[in-house]
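Below you'll find the structure, written out as structure tokens, and then a few comments.
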Amino acid sequence: MSTDPNQAVACRTVDAEERSLLGRVLDRIADHCRARSLFVLHYCTGCGAIELPPTMTSRFDLERVGMQPMVTPRQADILLITGYLSVKTLKRVVMTYEQMQGPKYVIGLGSCTINGGMYWNSYATIKLLDRYIPVDNYIAGCMPRPEAIQQVFLDLMGRIDRGEAQAWKDYYRRYDWYLGQQQQLFGTNWQAPTDVVGEAIRYRLVGEQTLGSHTAHLERYAPYYDQLGIIRPEPARMKARPQLEVVSR
Amino acid sequence: MRPENYKPVQHSASHEYELYFGPNHPGIEGNYALKCVLSGDVVQSLRADGGYLHRGFEKIMEERLWIQNVALVPRICVPDPVPMEETYARAVEMLGGLEIPKRAQWIRALMLEASRVCAHLFYFGGHAATMGMYSNMFWGVTDRDLILDIFEEITGARIYHMYITPGGVRRDLPEGVLDRLSKVLDYVESRLPEFDNLFFDNAVVINRATGVGTLTTEQALSWGVTGPNLRACGLPFDVRRDDPYLIYDELDFDIPTETAGDAWARTLVRREELLQSIRILRQIIATLPKVGGPIRCALPNPLAWNVPAGSVYARTESSKGELGFFVVSKGGAKPWRVHVRGPSSMHAVHVLERLGPGSRLEDVAQIMFSLDACPPEVDR
């Protein structure tokens, strides 16, 4: 990998304005193809997983729209969060999510991912999923019907086709904020074995909040961050508590 | 962290290695993990690692009203939720001294047995899938959906019905649903020869499952094994017959047993139980139209219901084994303590850890599925 972000390998994820006309046409074709061949990671994180076998098998048959379960995160496109997440599972979910290759999409299935649902006062589960990883679509209900799951998959396919499902870029642009939220649960020394900042540089998705006070303990592993000319937040801003804002999708 | 900075833990030279099996693994049932120590592909030791689905049910239930908990209990076990509702409702009725109307008892038995058929169809698919045989899973899941349609017609929901409440059931059966259920049962029964051809008479499957995860009767008794897993060891214990609840003493059914105690025997027992459940359902379909009367007894205002003080243990035969609720009331608006005795917490933790060593790695998933362990119920 080149150490100069401007010399980094040109990948399709740079901003649309920077792309040439040919690049944009190629992106459009790639999006169109990608929307019709989605692999769903086979990870049953909660009780919503009981409605996935009917959705995937003969009766509702999602394979006809090009979807299939995939066993490894590295080859999967969609991470389905099927219901409530205990803190112990959330750690595995974050590690799984970071292993997936972009572009990647997250669907929160069931009320528990939206506001805690039935377990709103449980001491063991998290209540708001999009504080920890960016989420593309939610399905309300406990539990959602297979028709609802299908509807959301079709909606996601349409948004991928139109190039609108961009929530995953938010994880790189605001990595410091997401890491801070994760550190509140897992401790301040928490880090996954994935070099998210390195990926952000490679995808050219380094934003103002990629590095900050929460990522400071990662920088001892990567002294080259200083040579890259990454936009760093002002010291005053680093101390300020990150604002809770609506994730731009 | 960058990979070149990642310093792995150094172990001394050994023929053994550690493998994490799950939670993100297609061979594991639900969100559950096993830590295996292997030599070659033979399991040396196995530790269950649960807690991924822990929601703190027993604590949450202490903070909600008696009637609010009706919505909470089916979520304990996802593939087979009806016995949870039934057991909790019966525990509250025992505490409150409520007499359930006869018609409600028959409707409850109908729901319980239909749920057992669902769970066993799911089990056939799951067990076959651990051997890489997915046709069976497609068939089982699709046939199960027909019963879910009946559930939806009766209760309004496919999975979590919240239909059985303390004192009876929520509403009466819709018109004609018994005929439709009867047709579904005919269909499921007519499918069994096809399941036989594909799975139960398949030499590959029989060779693969025979002698895997063998339990002796003494082991099963001392490790707290219940349900079909115990009956596969030759012990005909069934809560429905030995401690009858609802109207089970008026029904005519057999307790199928096998003697081998291995994964194959457990599957054969469940195949026989599916037929027995269909037989029970046919009796209920024949009797239910003659049983009239109300579907719910008179209840106090559920939002200000102080259940009399006391402690009870109610138990039910679920598709996985004996399910019990130990409920303590101090006369307040909320339960003082609820303990769930789930069959899977014995099967998936204690039994699995002891059956694992000595088996091959590819059989670990099969042993877990053949015990029909349900991780949400282990972790609660």
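The values are calculated or read from the model by the stated rules, or taken from the named source; none is laboratory data. These numbers were taken from a predicted model, which means no experiment stands behind them. Backbone-built Cβ (ideal geometry, glycine too); neighbour counts: all protein chains shown.
Apart from one condition, B:GLU152 fits all of (1) surrounded by 20 or more Cβ atoms within 10 Å (Cβ to Cβ); (2) at pLDDT 90 or above; the exception is (1).
When restricted to residues that are out of contact with any Lys or Arg (no Cβ under 6 Å at 6 or more places or on another chain) and either small (Gly, Ala, Ser) or away from chain A (no Cβ under 14 Å) (or both), segment B:43-74 contains 10. If you filter segment B:75-99 down to residues that are within 14 Å of chain A (Cβ to nearest Cβ) and in a helix (DSSP H, G or I), you find that the one that is farthest from A:GLU51 (Cα to Cα) is B:MET84.
Counting the residues of segment A:24-79 that are surrounded by fewer than 17 Cβ atoms within 10 Å (Cβ to Cβ), within 10 Å of chain B (Cβ to nearest Cβ) and among the polar types (S, T, N, Q) gives 2. Looking at segment B:295-367, the strands (runs of 3 or more DSSP E) lying wholly inside it that each contain 2 or more residues that are small (Gly, Ala, Ser) and surrounded by fewer than 18 Cβ atoms within 10 Å (Cβ to Cβ) sit at B:310-317. Tell me, please, whether a residue that is under 25 Å from the mean Cα position of the chain (by Cα), under 23 Å from B:VAL239 (Cβ atoms), in a loop (DSSP other than H, G, I, E, B) and β-branched (Val, Ile, Thr) can be found in segment B:21-44. Scanning segment B:21-44, I find no residue that is under 25 Å from the mean Cα position of the chain (by Cα), under 23 Å from B:VAL239 (Cβ atoms), in a loop (DSSP other than H, G, I, E, B) and β-branched (Val, Ile, Thr), so the answer is no. State yes or no: is A:VAL152 surrounded by 21 or more Cβ atoms within 10 Å (Cβ to Cβ), more than 14 Å from chain B (Cβ to nearest Cβ) and closer than 28 Å to A:CYS33 by Cα? No; evaluated as a whole, the condition is false for this residue.
Within this structure, A:GLY158 fails the test of being assigned to a helix (DSSP H, G or I) and within 14 Å of another protein chain (Cβ to nearest Cβ).
Within segment A:120-138, the only residue that satisfies the criterion of being within 14 Å of another protein chain (Cβ to nearest Cβ) and buried (at least 23 other Cβ atoms within 10 Å of the Cβ) is A:THR125. Quick one: in segment B:126-151, which of the residues that are of a type in the set (Val, Ile, Thr) and more than 10 Å from chain A (Cβ to nearest Cβ) is farthest from B:VAL205 (Cα to Cα)? Result: B:ILE150.
Within segment B:8-27, residues that are within 13 Å of chain A (Cβ to nearest Cβ) reach partners that are of a type in the set (S, T, N, Q) and part of a loop (DSSP other than H, G, I, E, B) with beta carbons closer than 8 Å, at six or more positions or on different chains, in the pairs B:GLY22/B:ASN31; B:PRO23/B:ASN31; B:GLY27/B:THR130. No other residue among A:VAL87, A:VAL106 is out of contact with any Pro (no Cβ under 7 Å at 6 or more places or on another chain) and either within 30 Å of A:ARG202 (Cβ to Cβ) or surrounded by fewer than 18 Cβ atoms within 10 Å (Cβ to Cβ) (or both) apart from A:VAL87. The one condition from (1) more than 14 Å from every other protein chain (Cβ to nearest Cβ); (2) closer than 20 Å to A:PRO103 by Cα; (3) surrounded by fewer than 17 Cβ atoms within 10 Å (Cβ to Cβ) that A:GLU208 does not meet is (2).
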